[in-house]
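To start, the structure under review is shown below, and the notes come after it.
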Amino acid sequence: MAYSAEISRTAPTAFLFLLDQSASMQDAFGGAKQKGDAAPSKARVLADTVNKLLQNLILRCAKEDGVRNYFHVGVIGYGQRVQPVVRPAPDQGATDVLIPISHLAEQPLRMEQRTKEVPDGAGGVTKRRVQTPIWFDPQAKNGTPMCQALDLAAQTVRDWIDLHPHNYPPIVLNVTDGEATDGDPLQYAQQVRSFATDDGDVLLFNIHLSESEAPAVELPDAMGELPDDEYARQLYQMSSTLPFSMRAAAEQEGYRVTLDTRGFVFNADPVALVRFLEIGTRPSTLR
Amino acid sequence: MAVTVASHIIAFPKAGHAADEYEDASALAAQGWPVRAAVTDGATESAFAGSWARTVATAYVNHADAMADREAWLGACRSAWAARMSQPDASLPWYAAAKAEEGAHAAFLGSSLRADGAYTAHAVGDCCLLHLHDGALHRAWPIADPAAFTHHPALLSSRPDAAMPDVQTTAGQAKPGDQLWLATDAVAAYLLRPQRAAALARTRPEEREAILRAAQANGELRNDDSTLLTLSFSADA
């Protein structure tokens, strides 16, 4: 499979996020700098991570004339319910779950003032207040119906591919602590990955937020690189290998990659996973 | 002996995009010696990249001593660009304010050619100068390997607080009959494959856009904004 289709407004691709909102996400995140009671919950880290990923994706598409619809984006939460957590846009050639990214840009839940460190022009940094969009707040309730979520993802990408059979295939990003409570997610993951456009199979990447304080792992190419954690091993097995173009982009950023490198991140910042999708020349400052 | 320079510019956007989405730029000052030419490539993921690319290219050809005081040149580019931009304010959507804050970015190549054939060139990033002699590629600078182009070249930033990147510099000597071609990255990568520059040199300048567009359509030329500014240096006895 080529994974070489040009991504443009006439030929967008799709990002579908699956967010674990189960009760176990209330537990502390092991990858944080703060430890013990001071550590943020996995649910907090998930919300921050996905808000940042969406902001990053939107800024990549933002031009002087507005936000260009290079991507259709969907978000499915799974916990108390399995359901889309952003509203669909009617008549946009998208599915009920995947909406043009410009619509997402226009409807954050709210804007928050955050402090950001920026260069001061004299070799140092200075703090500046910036408006930051928030789409999700932390949620953690009930079990982890990951299999149901993957099943809804499979239906969603299948419907989207029917409308866009020649485009760059959808990318599904599952953010979880790994503890599925409704079956074996591996077979559902295989179902998601079995759909394809002319340009390639659907890509499923997993972002594992764990209580474990084991060192972070980014883009492993063998089970041996993983911490001793059954959920990490399972999520690794569920993850697609990176296609050639993403491997090349990862290599340019200094990652060591092989043919077996998988789109899997353990307790690490996953922004790189969406950055590897090239839509053109990018200033290195745009992260 | 009278020396002259004939020029030709090819410029078209990536396939699937409208002409007004083209974000490369070129500029030429050929009324007297030295002849100055520039091509620039605005970064896709910047907003206002096309405007910044035009600002940089134009400022190079309009200022004979642009490269003698690069800080002043870049400062003038930034001031000219900022004057044309609306300032970030509370009424802008959050993403527009964030993009305005990030500024625009462009790769740059400028070349200055004297009547005796001596030339200099300056580059930031991956726009390329191709020197053709006897109808064949004699020299490519600063990139000669078609596999060496990446999505992350060095770029000139419109942000007032961004550092001046390293400007690469070279010099050379053109003989009557030689050509200097200034190309943005996709065209350069295409022309650096064996025999392609020579094949294109055998065609008339007005035939070349169709050839490059066909190469873009069949995938030999990467789908990107495409710019080729050619200077033909000749002498009449």
Filtering the stretch B:152-175 down to residues that are touching a Pro at 6+ places or on another chain (Cβ under 8 Å), among the small types (Gly, Ala, Ser), assigned to a loop (DSSP other than H, G, I, E, B) and within 17 Å of B:Ala82 (Cα to Cα) yields B:Ala162
Taking the stretch A:203-241 and the residues there that are over 26 Å from A:Ala47 (Cβ atoms) and in contact (Cβ under 8 Å) with a residue 12 or more places away in the chain, the one that is surrounded by the fewest Cβ atoms within 10 Å (Cβ to Cβ) would be A:Asp228
When the stretch A:231-252 is checked residue by residue, the ones that are away from chain B (no Cβ under 13 Å), among the aliphatic types (A, V, I, L, M) and assigned to a helix (DSSP H, G or I) are A:Ala232, A:Leu235, A:Met238
Restricting attention to the stretch B:176-185, does a residue exist that is closer than 27 Å to B:Cys77 by Cβ, assigned to a helix (DSSP H, G or I) and not hydroxyl-bearing (Ser, Thr, Tyr)? yes
Filtering the stretch B:42-82 down to residues that are in a helix (DSSP H, G or I), closer than 18 Å to B:Thr184 by Cα, among the small types (Gly, Ala, Ser) and within 14 Å of chain A (Cβ to nearest Cβ) yields B:Ala49, B:Gly50, B:Ser51, B:Ala53
In the stretch B:134-180, residues that are facing another protein chain (nearest Cβ under 10 Å) and more than 17 Å from the chain's Cα centre (by Cα) total 5
Out of (1) in a helix (DSSP H, G or I); (2) touching a residue at least 60 places away in the same chain (Cβ under 8 Å); (3) not charged (D, E, K, R), the one A:Val175 does not meet is (1)
Checked the stretch A:22-31 for anything surrounded by 17 or more Cβ atoms within 10 Å (Cβ to Cβ) and either without any contact (Cβ under 8 Å) to a residue 24 or more places away in the chain or part of a loop (DSSP other than H, G, I, E, B) (or both); matches are A:Ser22, A:Phe29, A:Gly30, A:Gly31
Note on the stretch B:51-70: residues farther than 21 Å from B:Gly32 by Cα and not aromatic (Phe, Trp, Tyr) are B:Ser51, B:Ala53, B:Arg54, B:Thr55, B:Asp69, B:Arg70
Scanning the stretch B:89-121 for residues that are touching a helix residue (DSSP H, G or I) at 6+ places or on another chain (Cβ under 8 Å) and assigned to a strand (DSSP E or B), the one surrounded by the fewest Cβ atoms within 10 Å (Cβ to Cβ) turns out to be B:Ala107
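Going by what's in this entry, would B:Leu129 be described as closer than 17 Å to B:Phe48 by Cβ and either away from chain A (no Cβ under 12 Å) or surrounded by fewer than 17 Cβ atoms within 10 Å (Cβ to Cβ) (or both)?
Here the answer is no, as B:Leu129 does not meet what is asked.
Rule-based calculations on the coordinates, nothing more; no lab input. Note that the structure is predicted; figures quoted are calculated from it, not measured. Here the Cβ is made from the backbone with ideal geometry for all residues, glycine too, and neighbour counts use every protein chain on show.
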